[in-house]
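K.L.:
I have a structure I would like to understand better, so I am pasting it below and will then ask my questions one at a time.
Readers should treat all values here as calculations from the given coordinates under stated rules, not as data from a laboratory. What you are looking at is a predicted structure, and each value in this text was computed from that prediction instead of being measured. Ideal geometry is used to build each Cβ from the backbone, glycine not excepted, and the neighbour counts take in all protein chains shown.
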């Protein structure tokens, strides 16, 4: 099979599953949630519908609620996303970092930087070994023009666990670029 055909095959399989969902007792709400998550990852129409169907059948599905919030964020429907992610965070309690991170991103993208900062700082305190809150706080600092805070947060993130090599590389490259920009002679003149 050709590699470029794989997403189409995946879409076909997911479509067949979703078409079979309504009224089928063989599919649990968890299966419906997983189908919705698959749709979301493939950026297929129907992701929101599948996730909402799963949540209607079983309102406490944590992965489906988180995926719906992330989908709504990607769709720039921030008020809905924030409401869903706040519910996901509340349902997860203090044991799950993911809903809080997604909420912080949705708040940041919606322009509510103070609220995003509060959520991310809380996550940094509750999950001190994880570098993602510090990484996201660095992005907030960059957006706000606070390069010194951004550098400090990136250093902090690099000293902790980051889930992917790509995130570690992004943090290191961003930190290097900020340091180089700060030490360039023309940067010092602009700061005067």
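K.L.:
To make sure I understand, if each residue's beta carbon is the centre and we count other beta carbons within 10 Å, what order do 71, 182 fall in, fewest to most? Write out the running numbers ahead of the final one.
P.N.:
Details: 71 24, 182 13.
Lowest to highest Cβ neighbour count: 182, 71.
K.L.:
Give me 95, 110 ranked fewest to most by other Cβ atoms within 10 Å of their Cβ, as a rough exposure proxy. Display every interim value, and only then the final one.
P.N.:
On the way: 95 7, 110 17.
Ascending number of Cβ neighbours within 10 Å: 95, 110.
K.L.:
Also, quick follow-up: Calculated FRET efficiency, residue 113 and residue 58, Cβ-Cβ r, R0 35 Å, to nearest 0.05? List each step's numbers first, then the result.
P.N.:
Numbers: r = 34 Å, r/R0 = 0.98.
Between residue 113 and residue 58 the formula returns 0.55.
K.L.:
I've got another one for you. Subtract the Cα-Cα distance of residue 129 and residue 91 from 0.36 nm times their separation in residues, and report this length gain in nm to one decimal. Numbers along the way, then the final one.
P.N.:
Numbers: separation 38, 0.36 × 38 = 13.68 nm, distance 2.23 nm.
Contour length minus Cα-Cα distance gives 11.5 nm.
K.L.:
Does region 82-192 classify as rounded, prolate or oblate by the C-alpha gyration tensor (a ≥ b ≥ c root eigenvalues; a/c under 1.5 gives rounded; else a/b over b/c gives prolate, otherwise oblate)? Write out the running numbers ahead of the final one.
P.N.:
On the way: a/c = 2.85, a/b = 1.76, b/c = 1.62.
Judged from the Cα gyration tensor, region 82-192 comes out prolate (a/c at least 1.5, a/b above b/c).
K.L.:
Rounded, prolate or oblate: pick one for region 80-142, where a ≥ b ≥ c are the square roots of the eigenvalues of its C-alpha gyration tensor, a/c under 1.5 means rounded, and failing that, prolate if a/b is larger than b/c, else oblate.
P.N.:
Values: a/c = 2.20, a/b = 1.05, b/c = 2.10.
Oblate shape, in that a/c is at least 1.5 and b/c is the bigger or equal ratio.
K.L.:
Something else: Between residue 168 and residue 75, how high is the FRET efficiency from 1/(1 + (r/R0)^6) when r is the Cβ-Cβ distance and R₀ = 25 Å? Nearest 0.05. Provide the component values of the computation, followed by the final result.
P.N.:
Values: r = 29 Å, r/R0 = 1.16.
Once rounded, the FRET efficiency stands at 0.30.
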